[in-house]
1. In the stretch 111-189, how does Rg compare with the Kirkwood Rh, expressed as the Rg/Rh ratio over alpha carbon atoms?
2. Sort 94-103, 132-141 for me by packing, meaning the mean count of neighbouring Cβ atoms within 10 Å per residue, highest on top.
3. Mind listing the long-range amide H neighbours of Arg149? Cut-off is under 5 Å, sequence gap 5 or more, other chains count too, H placed in the peptide plane at 1.01 Å from N.
4. Net charge near Asp213, counting Lys/Arg +1 and Asp/Glu -1 over other residues with Cβ under 14 Å of its Cβ?
5. Please enumerate, by chain and number, the aspartates and glutamates with C-alpha under 13 Å from the C-alpha of Lys69, excluding those fewer than 8 residues away in the same chain.
6. So what's the gap between the Cα centers of the stretch 265-314 and the stretch 194-256, to the nearest angstrom?
7. So what are the three principal axis dimensions of the chain from its Cα atoms, in whole Å, longest to shortest?
8. For the stretch 233-311, what does the equivalent ellipsoid look like in terms of its semi-axes, each the square root of 5 times an eigenvalue of the Cα gyration tensor, given largest first in whole Å?
Amino acid sequence: MRPGIDRPLRIGTRQSPLAMVQAKMAAKAIISAQGWRNDQVELVPMIATGDKIQDRALADVGGKALWTKELDRALAEGEIDCAVHSMKDVETIRPDDFTIAAMLERADVHDRLIGAKTIKDLPEGAIVGTASPRRKAQLLRHRPDLDIRLIRGNVQTRLKKIADGEYNASILAAAGLDRLDMGDEGRKISTGLMLPAPSQGAIGIETLSDAQDVRRLLHAISHADTFRSVIAERTFLAELTADCHSPVAALARVRANDENTSEIELRAQILLPDGSESVSESIVFPVGDVKAAANLAGKMLGQASAELKAVFGR
């Protein structure tokens, strides 16, 4: 039976408010591209393990797999035809049975500071909530006096914790706030001050590698420049052997050069968890150069201290 024709195309998603918004974006794009009726696509919400654990950093109890394993099982067992993910929550190395078949056009890549106008404006010793090793390290690099504490929960929960005075501030992704119609919350932090997480702002849609019908449907909605940029960032991560404990940032963008051909600019940063050391580099390379992002990772590790290399298992 052909998904979307003989029966609805079943799109798996986490059940959180943001994940549901992102799944609806993917469904709308497919419906528009195929000229389908709304009932030819069906959302299949699931509660991810990562949504159930609210008292510990996910890096300590299973990492990014806690966001994907329920959807992986449903995809493998034929309960859904594809799954929608925030790309920054998808493990760098995925099982061969699955493939990221499409990415929607990337949204705002910036972080937003909630609770103060700027990082400089935070009071001495301010309590800042984040679950991200990258954000923690970057904050401490600029403000080693800050008290960085774990904060979990969805966007609304985190904002309430700040309003209730449990934390002075927190940092959230601009893309998520925008998708929840909360774009007025907080102040944008420049990428020069805080380079974002690899894949931040990108929505990916995964399916079975051998599901050719579904792959063709998804290819029609994939944004080529976003796909190229995110793959470059993920290639950089793979060479680092970075995991959820690794403070790492990367941002790639496709641009036209003077010869009017496409090239990719990749900026990256690796840090010690306490922010006391960081290595930042950038590279520009032609679209299609599959080794450049990995070479950048190797170059940066070569500049790192033994302590920083150890963060990446080197």
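We did not get these values from a lab; they are worked out from the coordinates using the rules stated. What you are looking at is a predicted structure, and each value in this text was computed from that prediction instead of being measured. For neighbour counting, all protein chains shown are included, and Cβ atoms are generated from backbone atoms with ideal geometry for every residue, glycine included.
1. Result for the stretch 111-189 is an Rg/Rh of 0.92.
2. Ranked from most to least packed, the peptides come out as 132-141, 94-103.
3. Those qualifying (amide H under 5 Å, at least 5 residues apart or on another chain) are Val128, Gly129, Thr130.
4. +2
5. Hits, sequence-local ones excluded: Asp51, Glu77, Asp89, Glu91, Glu206.
6. The distance from the Cα centre of the stretch 265-314 to that of the stretch 194-256 comes to 17 Å.
7. If we take the Cα atoms of the chain, the spans are 61, 50, 36 Å.
8. With the √(5λ) rule applied to the stretch 233-311, the semi-axes are 26, 11, 10 Å.
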